[in-house]
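S.K.: One structure is given below, represented as structure tokens, and several questions about it will come after.
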Amino acid sequence: MILVTGGRGFIGAHTVRALLDLGERCVLGQRAVGPPPALVRDREVRDGRAVVERMDCTDLDSVLAVGRRHRVTGIVHLAATGMGASAPLDELSANTAGLFTVLRAAKEWGARRVVIASTIGVYAGVADPALREDAPLPVASPHPIPAGKKIAEVVADVAASSGLDVVAARIGAIWGPLGRPSSPFFAAPRLVHAAARHAAADDGASASPARAGEAQATGEGGVPGEAAPSYAGDMIDMCYARDCGRALALLQTTATLRHRTYNVGGGRAVANQEVAAAIGRAVPGAAPVLRPGRSPGVPAIDACLDISRLREDTGYVPEYDLDRAVADYVGWLRAGNPR
């Protein structure tokens, strides 16, 4: 079975779904007990193809106990402390300890491969529009998350030199079902949530298109100060969650990989105005009104992740273009899913 730490979380749930679709069986490791995520079918739980296990990645005994109950053949390590939930040093300490625990367990179990989550944020300071895995990275980091991921990549390299097959996935901006309704890093999630609310409103009771657009441009639900304004020209490499999960599943299951680091993203920078146009096509009358131009102080280079390695080694190609992704996300939310 493949152990997915954080398997009940956002990216974890999509990774589990993709692994199940590839015919794998999964253990969903999670600190908090609870039901499987909505992406896992009841039949898969009944058949034992998807099993939720309580575990704490900072506690070696609790992780090893999972291996006594299941034959773990591979690990996708996505568990991490919540962003901003602890002081930065505490966060770094817990996440690094969790990585060491997972790597020790993988060694004891003889796991075939460990895929660990890194981030596009490690490229901060790289002055190139196409972010490649072989680019030299600055040592310093402007935020605790990329700092922690750089530590993780160094640890992974050491583990690989000792015989473990460890792969780091540098993940871009992920959005879609089960994700946060609003992100501090890009506008798409809150714009789609606002469009879904517009689509679900009764005829005659919904806000006017202009008012809906204004609410989306000013922030989640139009509440002042809840989110930064959305500018038409702001761009980011976006990857739909279903595609991200499939990419991570392929990194875990592909027989031979030629590298230890892979970018996981959409492969191009997407502008907010493109997102707005796709929303307008998916939900007529709900296209958000964005502020013109770009956010003050936004970087001059609109960088994107080069996903050539991922494509060449695993055969990965994104299945969700922007229109399909927006339509799928709106449909998911309109079906009654809150996230």
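S.K.: Any chance you could run the full-extension gain for ARG258 through VAL298? It's 0.36 nm times the residue separation minus the Cα-Cα distance, nm to one decimal.
M.R.: Working: separation 40, 0.36 × 40 = 14.40 nm, distance 3.52 nm.
Gain in length upon complete extension: 10.9 nm.
S.K.: Can I ask one more? Find how much the distance from ALA85 to VAL33 grows on full extension, using 0.36 nm per residue of separation minus their present alpha carbon separation; answer in nm with one decimal.
M.R.: Values: separation 52, 0.36 × 52 = 18.72 nm, distance 1.88 nm.
The span from ALA85 to VAL33 would gain 16.8 nm if fully extended.
S.K.: Now a separate question. At q = 0.28 Å⁻¹, what is the log10 ratio I(q)/I(0) for the range 107-173, with the Debye formula run over Cα points and no solvent?
M.R.: -1.29
S.K.: Write down the radius of gyration of the range 265-337 and its Dmax, each obtained from C-alpha positions, in Å.
M.R.: Cα only, the range 265-337: 15.2, 42 Å (Rg, Dmax).
S.K.: Additional query: Which distance in nm do the two modelled labels at PHE185 and LEU64 give, with both placed 7 Å along the Cα-to-Cβ direction?
M.R.: Simple spin-label model gives 3.5 nm for this pair.
S.K.: Along the range 40-46, what does the Karplus equation 6.51 cos²θ - 1.76 cosθ + 1.60 (θ = phi - 60°) give for ³J(HN,Hα), rounded to whole Hz, x for Gly and Pro?
M.R.: Rounded to whole hertz, the list is 8, 7, 4, 4, 5, 6, 4.
S.K.: Want the number for ARG112 to SER93: 0.36 nm per residue separation, take away the alpha-carbon distance, what's left?
M.R.: Between ARG112 and SER93, full extension yields an extra 4.2 nm.
S.K.: Can you give the accessible area per residue of the range 124-166, in Å², using a 1.4 Å probe? Display every interim value, and only then the final one.
M.R.: Details: 2290 Å² over 43 residues.
For the range 124-166, the per-residue accessible area is 53 Å².
S.K.: Something else now. Lys and Arg at +1, Asp and Glu at -1: add these up for the other residues within a Cβ distance under 14 Å of MET1 and post the number.
M.R.: After counting each charged neighbour, the total is +3.
S.K.: In whole percent, how big is the carbon plus sulfur part of the accessible area of the chain, probe 1.4 Å, protein atoms only?
M.R.: Summing carbon and sulfur atoms, their accessible area is 54 percent of the total for the chain.
S.K.: Using the Karplus curve 6.51 cos²θ - 1.76 cosθ + 1.60 with θ = phi - 60°, work out ³J(HN,Hα) for each residue of the range 114-130 in order, rounded to whole Hz, and write x for Gly and Pro.
M.R.: Going residue by residue, I get 10, 9, 10, 8, 10, 8, 4, x, 5, 7, 3, x, 7, 8, 8, x, 10 Hz, with x marking Gly and Pro.
S.K.: Taking H placed 1.01 Å from N in the peptide plane, check which residues at least 5 places from THR261 or on another chain put their amide H under 5 Å from its amide H.
M.R.: ALA168
S.K.: Can you match Rg/Rh (Cα atoms, Kirkwood Rh) to one of these, (i) 0.97; (ii) 1.08; (iii) 1.06, based on a calculation from the structure here?
M.R.: Given (i) 0.97; (ii) 1.08; (iii) 1.06, the structure-derived one carries the label (i).
S.K.: Still on this structure, please answer the following. By accessible area of protein heavy atoms, probe 1.4 Å, what ranking do THR256, THR73 get, highest first?
M.R.: Ranked list, largest accessible area first: THR256, THR73.
S.K.: Name the residues whose placed amide hydrogens come within less than 5 Å of the amide hydrogen of VAL52, ignoring near sequence neighbours (fewer than 5 apart) on the same chain.
M.R.: Counting only residues 5 or more places away or on other chains, the set is LEU28.
S.K.: Read phi for every residue in the range 56-69 and hand back ³J(HN,Hα) as whole Hz from Karplus 6.51 cos²θ - 1.76 cosθ + 1.60, θ = phi - 60°, with x for Gly and Pro.
M.R.: Result, rounded to whole Hz: 10, 5, 8, 10, 4, 4, 5, 6, 5, 4, 5, x, 6, 8.
S.K.: May I pose another question? For the range 1-111, give the magnitude of the charge dipole about the Cα centre (Cβ charges: +1 Lys/Arg, -1 Asp/Glu; no others), in debye to the nearest 20.
M.R.: About 380 debye.
S.K.: Which net charge results for the neighbourhood of GLY29, defined as the other residues with beta-carbon distances under 13 angstrom from its beta-carbon, given Lys and Arg at +1 and Asp and Glu at -1?
M.R.: +1
S.K.: Please list MET1, MET235 from largest to smallest accessible area, probe radius 1.4 Å, with all protein chains kept in place.
M.R.: Result, largest first: MET235, MET1.
S.K.: Once you list every other residue whose beta carbon is under 15 Å from the beta carbon of PRO299, what net charge do they have if Lys and Arg are +1 and Asp and Glu are -1?
M.R.: Its environment carries a net charge of -3.
S.K.: Here is a follow-up. Quick one: how many Å² of ARG258 are accessible to a 1.4 Å probe, rounded to 10?
M.R.: 150
S.K.: Counting only heavy atoms of the protein chains, get the accessible area per residue of the range 72-119 (1.4 Å probe) and round it to a whole Å² value. Please list the in-between numbers first.
M.R.: On the way: 1990 Å² over 48 residues.
So the range 72-119 comes to 41 Å² accessible per residue, rounded to a whole number.
S.K.: List every residue whose amide H lies under 5 Å from the amide H of VAL76, counting only residues 5 or more places away in sequence or on a different chain, with H placed 1.01 Å from N in the peptide plane.
M.R.: LEU3, VAL4, THR5, VAL115
S.K.: Leaving ligands, DNA and RNA out of it, work out the accessible area of ILE120 with a 1.4 Å probe and give it in Å² to the nearest 10.
M.R.: Counting only protein heavy atoms, the figure is 50 Å².
S.K.: If you don't mind, there's one more thing I want to ask. Apply the Kirkwood formula to the range 38-124: the hydrodynamic radius equals the inverse of the mean of 1/r over all pairs of different alpha-carbon atoms; give it in Å with one decimal.
M.R.: The Cα-based Kirkwood calculation yields 14.6 Å.
S.K.: Could I ask something else about it? Treat the range 1-77 as a sphere of radius equal to its Kirkwood radius over Cα pairs and apply Stokes-Einstein at 37 °C in a medium of 0.692 mPa s; give the translational diffusion coefficient in µm²/s, rounded to a whole number.
M.R.: D = 273 µm²/s.
The values are calculated or read from the model by the stated rules, or taken from the named source; none is laboratory data. Keep in mind the model is a prediction, meaning the values are calculated, not measured. Note: ideal-geometry Cβ built from the backbone for every residue, glycine included; neighbour counts use all protein chains shown. Only protein heavy atoms, including side chains, enter the accessible area calculation; ligands, DNA and RNA are left aside. Shrake-Rupley method; radii C 1.70, N 1.55, O 1.52, S 1.80 Å.
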